[in-house]
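Below: one structure, written as structure tokens.
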């Protein structure tokens, strides 16, 4: 078993993100699993990511606040404890339209190497 204390999580930069702080918990440079990257992202009001698409599958789980997810022009508001799955190469945009910080748990399955 590998334990990661939240106080030890390191921040990272993610492309196409704005007004946020991302913290890597496991995977990639944080060590641990090879087939899964897990992090926590805090979005300030007005913060978000995209629109863009990428090969990895993603799951977003809202820990606090609200997050608007836009896929194919359709908007869905996720509230605390709601989650969604974004498929490979599915274009999406996420936006915190509220006045409070939104915190999400992000799980990403890296795309297989070619």
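Laboratory data are not the source of any read-out in this text; all were calculated from the coordinates shown. Here the structure is a predicted model, which means the values were calculated and not measured. Backbone-built Cβ (ideal geometry, glycine too); neighbour counts: all protein chains shown.
Cα extents for the stretch 1-109 along the principal axes, largest to smallest and rounded to whole angstrom: 40, 29, 24. Between residue 63 and residue 10, the contour length at 0.36 nm per residue exceeds the Cα-Cα span by 17.2 nm.
Footprinting exposure proxy ranking of 3, 69, fewest other C-beta atoms within 10 angstrom first, gives 3, 69.
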